[in-house]
1. If you go through region 239-281, how many residues are open to solvent by less than 50 Å² (accessible area, probe 1.4 Å), closer than 18 Å to Pro211 by Cα and assigned to a strand (DSSP E or B)?
2. Suppose the filter is touching a Phe, Trp or Tyr at 6+ places or on another chain (Cβ under 9 Å), under 27 Å from Gly302 (Cβ atoms) and surrounded by fewer than 21 Cβ atoms within 10 Å (Cβ to Cβ); does Ala227 pass it?
3. Identify the residue in region 306-340 that is assigned to a strand (DSSP E or B) and touching a Ser or Thr at 6+ places or on another chain (Cβ under 6 Å) and, among all such residues, is surrounded by the most Cβ atoms within 10 Å (Cβ to Cβ).
4. In region 20-33, which residue that is surrounded by 13 or more Cβ atoms within 10 Å (Cβ to Cβ) and at pLDDT below 75 is nearest to His45 (Cα to Cα)?
5. Pull up region 287-299, narrow it to residues that are of a type outside the set (Gly, Ala, Ser) and open to solvent by 30 Å² or more (accessible area, probe 1.4 Å), then point me to the one that is modelled with the lowest pLDDT.
6. So is Arg187 closer than 15 Å to Leu145 by Cα, modelled with pLDDT of 90 or more and over 20 Å from the mean Cα position of the chain (by Cα) or not?
7. Could you pull out the residue among Ser217, Ser284 that is closer than 30 Å to Thr327 by Cα, under 20 Å from the mean Cα position of the chain (by Cα) and surrounded by 15 or more Cβ atoms within 10 Å (Cβ to Cβ)?
8. Quick test for you: out of Asp233, Asp206, pick the one residue that is buried (at least 16 other Cβ atoms within 10 Å of the Cβ) and within 22 Å of Val250 (Cβ to Cβ).
Amino acid sequence: MNDNRPQHGSSGSPDAAAWFVQLERHPHDAELRRAFETWLAADPHHHDDWALVSGAWTRLDALKDDPAVLAARRALSADLAATRRGPPLRWAAGLAVAAVLGGGLLGLNSWRQAGQADQPASVAAVAQDLAVYRTPVGGQNTVTLEDGSQVTLNTDTEVRLTGWGRQRALTVVRGEAFFQVAKNPERPFVVTAAGRTVTALGTAFDVRVDPSQWSVSLIEGKIRVAADDASVDLTPGHHLQQRGDEAWSVEARNVADLTSWRDGSLVFENRPLASIVQEMNRYSEQKVRITDPALAATPLSGRFKTGDVAGFVATLEAYGMARSSQTAPATIDLFPLSAG
């Protein structure tokens, strides 16, 4: 019998992680390969487990700068160099198929669950995607991809890494993300948002997806936005926006202000107070509410700190624009000074 076969797990049969490690250690062992293929065909669940494990290496590459991933790789590399078998091997295999989740390591069983339930963590791995990056309300996170491109996620955002071959492909599921793309003419960088695609080679741009609209702002370089049979090329300083199924509009905007959230601030110029409140509410679990139409329509300009609802409300009161009342634990109502 081939001594390279994986040891049996607690269920009496080798698991996908053990097969992965043995195949890495003995890539030219034909008997081991045949035994693995027999195991793979024996149970449909083995295919699912193997899909998770075999894709882990790519997922770890996408997260290669994370300290927990670096530690896992060192542990696995040390074990691959060892000649003995036993518990240390399976321990290292567990690390090999882990994904960074909330600063810790998530094992294979929990990993399956990550594809079925929304996780409050910044990064999770699911079977159908290479990686999923998430931020909570008020959170922000920057991810460095394998090619050096960076993705900065804004508050309450989900971005999925869906392809990493001849095309670098990501999808913004919700929220907002800023992309700084490493140049590679042979591998287009394609971001899908609200069913539209944004294609770049080397550039910096912002994509935002809300329930009723989506937008893209170009900071530098050049991008092409496409949907069905329509497309448009954007140049720096321009902002494309589409509401529902309406035709998209392109206009020159101060894109530095549009992306000021990366520095922890929001800049508004002559915006209705209702619009400003809506934007401020994105960054906090504590929400501001306006019930008076005239107050909601009052224009305002200013720079406010993201997540600082108390400071925002205090500024409105200090300038005599409104008065406030804490009407619920997580709700602050704004009223005109003349009301009540």
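1. Looking only at that region, the number is 3.
2. It is false that Ala227 is touching a Phe, Trp or Tyr at 6+ places or on another chain (Cβ under 9 Å), under 27 Å from Gly302 (Cβ atoms) and surrounded by fewer than 21 Cβ atoms within 10 Å (Cβ to Cβ).
3. Within region 306-340, the match that is surrounded by the most Cβ atoms within 10 Å (Cβ to Cβ) is Leu334.
4. It comes out as Phe20.
5. By that ranking, first place goes to Thr291.
6. Values: closer than 15 Å to Leu145 by Cα: yes; modelled with pLDDT of 90 or more: yes; over 20 Å from the mean Cα position of the chain (by Cα): yes.
When the stated conditions are applied, Arg187 passes them.
7. Ser284
8. Asp206
The values are calculated or read from the model by the stated rules, or taken from the named source; none is laboratory data. If you're wondering where the values come from, they're calculated on a predicted model, not measured in any experiment. Note: ideal-geometry Cβ built from the backbone for every residue, glycine included; neighbour counts use all protein chains shown. Note: accessible area is taken over every heavy atom of the protein model, side chains too, but ligands, DNA and RNA are not part of it. Shrake-Rupley method; radii C 1.70, N 1.55, O 1.52, S 1.80 Å.
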